[in-house]
Ligand code: SF4
Ligand code: SF4
Ligand code: SF4
Ligand code: FES
């Protein structure tokens with residue numbers, strides 16, 4: 001079946017079917033299906049303009065008229081449902097006449113520039129004019145019209161040309177139904193009606209640039225600037241977005257070797273045709289002038305870079321690793337992989353480390369984001385992964401969002417969640433800050449916003465669970481059948497204690513006890529309660545405790561093991577789940593099996609032909625500490641930028657400076673690369689084959705759209721390094737790496753590139769028991785057998801406010817930017833976020849004489865930086881908030897190296913600070929400016945020497 005076919009109206013799902021005849025063909029479809037869709041499913045195509053199958057029918061264009069035997073008039077087939085036994089005709093002389101009349105009216109008020117129009121040949125209006133046989137316009141083109149309407153070109157990625165608009169409302173409905181933003185309306189009536197972005201231009205409007213309206217527009221009114229500038233594509237390759245953990249599927253549309261458009265794939269398992277501004281438009285970084293495509297080496301970071309051949313760079317890197325291991329021992333080197341890499345890339349990096357370096361010093365950036373998720377869910381449920389697929393939310397009756405900001409961090413999933421909320425699901429937000437979902441629009445308001453003080457997550461969830469236990473709101477049947485009794489009894493006794501009551505904790509957490517009680521009752525009383533959480537849960541000193549407390553709450557209310565419920569970590573980066581699955585933690589082989597497990601280790605030793613260590617290796621913080629103390633000397637860092645993303649920047653850079661060989665593999669000379677001795681240029685997601693695994697355990701294909709600009713896919717570079725070190729790797733294609741993953745990892749046993757091509761995507765576990773994958777986990781029993789409750793004692797963080805540091809700083813991200821911003825800063829997305837700002841409550845600002853836009857110094861126990869102030873009541877008094885997308889902001893100069901007790905995940909979300917008005921940059925920022933300028937010049941000089 002053509003995967004881009006538009007059936008006109010959405011699919012209906014019901015067991016009841018209806019049979020009818022359309023143009024003599026017998027058709028049977030689900031009850032409620034439109035005649036238009038029934039015809040399309042039978043291979044017939046009724047002309048249409050205002051209908052498309054991603055939107056509810058609207059019935060405004062009157063092009064899709066049909067005749068129904070025995071009924072009067074000409075009903076619109078998009079809005080008329082099928083009925084048993086009816087006989088429909090879609091092509092009669094009368095219908096053809098009516099349709100030509102409709103088209104004539106449209107065309108009489110449309111510019112006649114089809115041949116020079118950017119969408120010539122890819123325009124539904126043009127197609128329909130041809131389809132209905134319109135050859136002439138009887139009214140002429142002289143009368144009143146819209147042809148002089150002014151274009152809105154303010155959005156960096158698309159234009160709005162009202163002269164071409166047919167007021168079909170598809171854009172307005174897409175913004176409402178698909179995206180859930182309600183940025184557009186139709187203003188005026190009759191001839192005066194026009195599409196309006198709230199009487200503002202697009203850039204200043206509520207529009208979040210998701211592209212849904214552009215996708216829906218049947219004319220060239222809303223159109224990508226890339227298509228206007230570069231022309232229409234001639235081929236496409238389906239691949240997966242390289243940004244967030246939603247994992248949207250896209251068709252990379254190509255002309256020659258240039259991507260001209262990324263169109264969200266209708267059949268994408270995670271996104272079903274929707275997108276956000278990053279995946280849809282922000283791919284420009286892949287061809288940005290800052291990209292480095294030639295390897296570079298140098299002896300010291302004080303030296304200029306020297307561009308060299310791949311052979312020389314790899315041989316130098318390998319000789320340095322060998323030299324260092326010989327001098328300082330086998331454990332003096334290690335690797336860091338990244339959640340931005342494919343599964344296959346991560347696999348070879350951890351294999352190189354374990355088998356090539358001969359140690360377990362491999363860690364990944366999940367250390368600083370979701371390592372507590374891995375730990376906490378493994379302990380309680382038995383598997384280090386979320387329990388549901390995204391579609392599950394459509395069956396939730398109450399949704400609790402804890403420490404996550406889906407509209408900014410996971411926008412496409414947020415649109416789906418908003419759809420469910422508009423259908424009436426209840427919403428509880430647990431967050432110190434007023435995120436968008438709290439008061440999203442007239443259509444969505446949180447039933448409860450538990451605006452807790454940063455650092456009191458565990459106290460808050462204990463209080464919620466206390467209410468559920470003491471008010472007999474437990475799901476006793478579920479607990480008895482599915483959970484370990486002894487542990488549950490201990491937990492029940494613990495959580496019932498008065499110290500966990502909302503009344504005892506209300507002052508500590510800053511939420512009235514009665515509000516907690518009501519929220520707990522709401523969560524426990526609805527049939528299906530789902531919990532979604534993010535880094536506001538994990539990046540705390542009690543991150544792992546909080547993950548276990550969430551699992552406790554879900555089990556206590558029976559909310560695991562079916563659709564509509566579950567514990568759902570929203571993963572930040574595209575492949576956080578995958579990088580953890582692929583064994584990039586120092587204590588675990590792929591598939592979360594401990595390195596001390598003799599049977600597993602033997603399996604890998606046999607497969608890899610190498611002796612492997614049975615002791616866990618170093619985590620990132622340990623590598624850094626040991627670098628400073630002089631025992632860790634060389635690092636291979638692929639796709640990660642620890643000098644910007646990890647806490648206490650001064651400590652990280654001191655550690656990097658202390659090493660004798662830092663090898664960075666990346667697209668750009670990132671902050672870490674400024675401390676490197678070997679730079680191996682990486683390939684972008686458009687230039688490689690592989691897979692990403694998203695937040696719902698969905699493995700999706702990443703497919704090569706163009707040749708790597710640097711000459712190699714990233715896994716090939718790791719393979720070159722491994723071979724140069726004397727540990728042979730001989731993969732010919734990324735698919736062979738996945739075949740090895742499947743051979744050695746029970747949960748991936750049934751995964752292969754071939755199967756991915758057949759199914760589109762696969763949710764693991766995928767093996768003999770679940771050959772098509774597993775959308776919902778823990779259905780009949782938990783992966784660990786019975787669910788295990790854990791005691792979650794609240795231990796306040798040691799990061800205390802005092803007279804010197806009276807405010808708490810917390811951090812987050814915004815929609816247009818991604819993580820350290822290395823990619824999104826190199827796109828037009830900067831139009832929405834030119835710099836990181838510090839949000840401060842009006843009371844705190846007034847007390848300090850701070851006005852909007854002032855430079856303010858933020859000082860913590862770790863360091864100081866300076867940002868501009870944004871005064872807002874989104875943050876509560878006593879709390880300030882910032883993002884970390886620009887390196888010169890130095891947000892992590894302030895964060896401390898406090899971390900989660902179980903996993904060392906940094907406590908990014910709680911830093912005691914003072915904020916005061918200043919007039920110049922901080923000392924760190926001044927040094928940073930000089931240092932980075934010098935390092936960038938070193939790279940430029942080396943390129944100039946060659947060219
Ligand atoms: S902009 Fe496009 S989708 Fe919107 S009303 Fe006009 S023609 Fe229809
Ligand atoms: S780009 Fe998205 S948010 Fe903006 S108007 Fe279109 S549909 Fe609405
Ligand atoms: S929601 Fe995430 S995966 Fe989807 S397009 Fe946006 S950034 Fe990419
Ligand atoms: S397509 Fe049915 S009325 Fe427009």
Rounded to the nearest 0.05, what FRET efficiency do residue 770 and residue 201 have when you use their Cβ-Cβ distance and R0 = 51 Å? 0.50
Quick check on segment 353-492: take the gyration tensor over C-alpha atoms, sort the square-rooted eigenvalues as a ≥ b ≥ c, and tell me if it's rounded (a/c under 1.5), prolate or oblate. oblate
What list of whole percents do you get for P(r) of segment 555-599, with Cα-Cα distances grouped in 10 Å bins up to the one holding the largest distance? 24, 29, 34, 13
Counting pairs of Cα atoms in segment 1-88, how many percent are more than 18 Å apart? 37 percent
Taking only the Cα atoms of segment 573-633, how large is their convex hull per residue, in Å³? 106 Å³
Taking the Cβ-Cβ separation of residue 930 and residue 596 as r and a Förster radius of 51 Å, what is the calculated FRET efficiency to the nearest 0.05? 0.60
The correct pair for segment 675-797, radius of gyration to one decimal and Dmax as a whole number, both in Å and from Cα atoms, is 19.1, 53
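Give the Rg/Rh ratio for segment 845-947, taking Rg as the radius of gyration of the Cα atoms and Rh as the Kirkwood radius, to two decimals.
1.09
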Which translational diffusion coefficient, to the nearest whole µm²/s, is obtained for segment 335-413 from the Stokes-Einstein equation, given a Kirkwood hydrodynamic radius over C-alpha pairs, 37 °C and 0.692 mPa s? 215 µm²/s
Ordering of 261-271, 196-206 by packing [mean C-beta count within 10 Å, highest first]: 261-271, 196-206
How big is segment 620-661 on each of its three principal axes, counting only the C-alpha atoms and giving the largest first in Å? 23, 21, 15
Restricting things to alpha carbons, find the Rg to Rh ratio for segment 751-821 using the Kirkwood radius for Rh. 1.23
Suppose we keep just the DSSP beta bridges with both residues in the chain; what percent of those would be antiparallel, to 5? 60 percent
Could you work out how far helix 598-608 tilts from the main Cα principal axis of the chain, as a 0 to 90 degree angle to the nearest 10? 70 degrees
Using Cα atoms only, what is the angle between the long axis of helix 714-725 and the major principal axis of the chain, expressed in degrees (0 to 90) to the nearest 10? 30 degrees
Hey, rough spin-label estimate for residue 897 and residue 98, points 7 angstrom out along Cα→Cβ, what's it come to in nanometres? 7.6 nm
Distance in nm between residue 312 and residue 793 label points, each 7 Å along Cα→Cβ, equals 6.0 nm
Radius of gyration and maximum dimension Dmax of segment 720-774, Cα, Å: 13.5, 41
Give, to the nearest whole percent, the P(r) tail of segment 257-367 beyond 23 angstrom, counting all Cα pairs. 54 percent
Packing rank of 524-533, 246-255, 626-635, 295-304, where each peptide gets the mean count of other beta carbons within 10 Å, highest leading: 246-255, 524-533, 626-635, 295-304
Gain in length, residue 112 to residue 521, computed as 0.36 nm per residue apart minus the alpha-carbon separation, to one decimal in nm? 141.0 nm
Provide the gained length on full extension for the span residue 498 to residue 289, in nm with one decimal, where the gain is 0.36 nm per separating residue minus the Cα-Cα distance. 69.1 nm
What nm value, rounded to one decimal, do you get for the distance between residue 5 and residue 846 when each label is placed 7 Å out toward the C-beta? 6.4 nm
On full extension of the chain, what length is gained from residue 804 through residue 19, given 0.36 nm per residue of separation minus the C-alpha to C-alpha distance? 275.0 nm
In terms of the ratio Rg/(2.2 N^0.38 Å) built on C-alpha atoms, what value belongs to segment 220-293? 1.11
Amide N of segment 735-752 lying under 15 Å from the label point, which is placed 7 angstrom from the Cα of residue 758 along Cα→Cβ: 749-752
How large is log10 I(q)/I(0) at q = 0.17, 0.21 Å⁻¹ when the Debye formula is applied to the Cα atoms of segment 198-247, each weighted equally and without solvent? -0.79, -1.07
What's log10 of I(q)/I(0) for the chain at q = 0.04, 0.06 Å⁻¹, Debye sum over Cα points only, no solvent? -0.20, -0.44
For a quick protection proxy, order the peptides 569-581, 87-99 by their average other-Cβ count within 10 Å, most packed first. 569-581, 87-99
Among rounded, prolate and oblate, which fits segment 435-575 when a ≥ b ≥ c are the square roots of the eigenvalues of its C-alpha gyration tensor, a/c under 1.5 means rounded, and a/b larger than b/c means prolate? rounded
Taking r as the C-beta separation of residue 723 and residue 84 and R0 as 41 Å, the FRET efficiency to the nearest 0.05 is 0.05
Listed with the fewest Cβ neighbours within 10 Å leading, 278, 11 appear as 11, 278
Segment 540-672: proportion of alpha-carbon pairs further apart than 19 angstrom, %: 67 percent
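Read the figures in this text as sums done on the coordinates, not as results from a lab. Since the structure is predicted, the reported quantities are computational estimates derived from the model, not experimental observations. Note that we place each Cβ from the backbone using ideal geometry, even for glycine, and neighbour counts take in every protein chain shown.
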